[in-house]
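Notes follow once the structure below has been shown.
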Amino acid sequence: MSSVHSGGNTGVRNVAQAEILIVEDESVIRSALRRLLERNDYRISEAASVSEAESKYKLADFDLIISDLRLPGAPGTDLIKRAGAVPVLIMTSYASLRSAVDSMRMGAVDYIAKPFDHDDMITAVGRILIERERERERHGVSTEASSTESERAVEGFIGSCGEMVTLFDHLRKIAPTDATVLVQGETGTGKELVARSLHHHSRRVDRPLISVNCAAIPETLIESELFGYEKGAFTGANTNRTGLIEAADGGTLFLDEIGELPVEAQARLLRFIQEGEIRRIGSVESRKVDVRLICATHRDLQQLTVDGKFRQDLYYRINVMRLQLPALRERGKDILELAEYILARRSRELGKEPRHFSPKAIQAITTYTWPGNVRELENAVERALILSEAEEIDNQLLGIDLELVKVSQIRGRKPEPASSPTRVATNYDPPEDLSLEDYFQRFVLEHQDSMSETELAQKLGVSRKCLWERRQRFGIPRKKGGGKRQTGAKRAKTV
Ligand SMILES: Nc1ncnc2c1ncn2[C@@H]1O[C@H](COP(=O)(O)OP(=O)(O)OP(=O)(O)O)[C@@H](O)[C@H]1O
Ligand SMILES: [Mg+2]
C-alpha cells in the first residue's frame, strides 16, 4: 500500500505538484489537513462550503477535491457532479457506513473516515492522483488540456465518465469518414443516438439517414424492403419499388439489430458492402449506390458466427470500427447528470415548472442498477414528472424496483415480501453500525463463489478497479479460477 508513492511508474507525472482543494467547515481540521498535504508538496486551496468553493474557484482546475460530507448548506457530495472529471474524496465525520456507501455510489472516488490517520490520507491522495494520471493517459487526454472539449463533442449526448469521453473522442474521429461502424451495447444505452451523431457529423448530413430495425421487419419482407423489387418479381409485386438502401443513396443506412438479419439477406448485404451495388429483386441490372453503413446490436455477434447464425465474412466486413457503449450502471456520476438533464428537458416539453429530485430520489437513482439503461431512466423520470404535484420529486414517484434485496439477506434480515410493489434503494442500505470494511468483506466472502467480479462490484456500487483495490487492502485477493466466469466482459474498443 505504502508503495503507491514510489517511483518507477512510467509516464506518471510528479503527482506531488498537484493542486488540491480542501472543502471543510471546521477550520482546525482544514488547516491541519492543509499542513499535512503541504508537507508532502501538494498545492492547497481551501473553502468552508460548497458554495464558497464554487464562487472562489474554478473546480475543473483542481487535480483533486477533498471534501467533508457534512457541510453547512449543500453536502460535500454535491461537488461530485459539479467538479466534472475531477475526483472527489469524501471525508465522513465518523465511520458512517451508509453515507460512505452512498458517496461512493454517487461517484466519489473514495471515502476516508475522520479522524483520519495521516499516512492513510497521504496514501489515498497519492493513489487517486496516480490513478487519475493513468486514466488520462489511457484516454489520450493530455495533462495540460482540459477534457471538457471532447466531453461536449456530441450535442445532447450526455457523458463525462472516462468511457463516454473516449467514445465521444472516437466518434468525432470516425464520423467524417465513410467507414462502416458497428455499435454495440445493452438495450437502451444509446446505440441509435450514436448512429445519429455519426451521421450528423459526416459530410452526409444533408442527405437521408435511414434507420431499419432488422428485428421489426418480418423475415419474408426484409430483403424486398432493403433491396427493392421490380414489377412482377413475385406475386403481389405490382409496381417497381425502391429499397431502403437505394433510398439512403448519398446518406447513411443504420441497420439496427443486425444480429436478427436472416441468412439470405445477409448474403445480399455482403454483396452490397463488397461491391457498392445493389440489385433489386427480379432485376438483372445492378445500380451503384453511395451509402455509409452503421450497424448496431445488443448481441454478441462473434458468438453468433460461432453458432452459425451470422456469416463470418459479413461480420468481418461490418466490424471495421467498433464503438462500445457502457451500461448505465458503469457510468458513475453520469447517471445523475443524465437524470437531471432528462428531467429538465421533459419539464420544458411538458410545459411544467422546473422540478428537482429530493435527496432520497438522488440516492435511489444512483443506487439502482438500471437494467434498461438510459431508456428505463427516461421512462422513470417521465412517469415521476407526470405524477408529481410538488416541485420536488421524491423516490416513491420514481417507482424504482430494487434488486438489492440480497444485501439485506446477508445481514440476516428478512427480505421484503415478494408482493411489495416497489422497493426503494434506501430500504436495503446497510445499517450505520456495521463498518464499511466489514460490510465489504462479508459481502465479498459470501458471494464471490456465485458472482462474477463485475456483479460483485455492481452490487457493492463500486467500480471493478475499486473492488480489486479493496480486495488487496483487506487481504482477500480474488481466488484463481474461483467465482463465476465473467460474462460480457470483453469490451475491446476498436477504432
Ligand atoms: N448519453 C445519453 N445522453 C442523452 N440521452 C441518451 C443517452 N443515451 C441514450 N439516451 C436516450 O435514451 C433513449 C434510448 O437510447 P437509444 O434508442 O439510442 O438506445 P438503443 O441502445 O438504441 O436501445 P435499444 O437497444 O433498445 O434499441 C433515447 O431516448 C436516447 O435519446
Ligand atoms: Mg435502438
The stretch 365-382, residues that are over 17 Å from the mean Cα position of the chain (by Cα) and more than 16 Å from ligand 2 (Cβ to nearest atom): ALA380, VAL381, GLU382
Extreme residue, farthest from ligand 2 (Cβ to nearest atom), among residues of the stretch 353-364 that are touching a strand residue (DSSP E or B) at 6+ places or on another chain (Cβ under 9 Å) and not in a helix (DSSP H, G or I): SER358
Among the candidates SER99, SER55, SER93, residue that is modelled with pLDDT of 85 or more and more than 22 Å from the chain's Cα centre (by Cα): SER55
Any hit, the stretch 183-190, residues being farther than 30 Å from SER463 by Cβ, surrounded by fewer than 17 Cβ atoms within 10 Å (Cβ to Cβ) and within 16 Å of ligand 2 (Cβ to nearest atom): no
When residues of the stretch 298-332 are limited to those that are closer than 21 Å to ILE273 by Cβ and within 17 Å of the chain's Cα centre (by Cα), the one surrounded by the fewest Cβ atoms within 10 Å (Cβ to Cβ): ARG322
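Of all residues in the stretch 229-250, how many are part of a loop (DSSP other than H, G, I, E, B) and touching a strand residue (DSSP E or B) at 6+ places or on another chain (Cβ under 6 Å)?
Count: 4.
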Within the stretch 347-375, tally of residues that are at pLDDT below 90, closer than 20 Å to MET106 by Cα and within 15 Å of ligand 1 (Cβ to nearest atom): 4
Residue match in the stretch 211-218 (condition: more than 22 Å from HIS298 (Cβ to Cβ) and either exposed (fewer than 15 other Cβ atoms within 10 Å of the Cβ) or not β-branched (Val, Ile, Thr) (or both)): no
Yes/no for VAL424 being of a type in the set (A, V, I, L, M), at pLDDT below 50 and surrounded by 15 or more Cβ atoms within 10 Å (Cβ to Cβ): yes
Subset tally (residues that are surrounded by 13 or more Cβ atoms within 10 Å (Cβ to Cβ) and either touching a Gly at 6+ places or on another chain (Cβ under 7 Å) or more than 22 Å from PRO115 (Cβ to Cβ) (or both)) for the stretch 27-55: 8
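Give, as residue ranges, the helices (runs of 4 or more DSSP H) completely inside the stretch 25-99 that count at least 2 residues that are under 26 Å from GLY159 (Cα atoms).
Helices (runs of 4 or more DSSP H) meeting the threshold: 50-56, 78-82.
The values are calculated or read from the model by the stated rules, or taken from the named source; none is laboratory data. These figures come from a predicted structure and were not determined experimentally. So basically every Cβ, Gly included, is an ideal-geometry build from the backbone, and we count neighbours across all protein chains shown.
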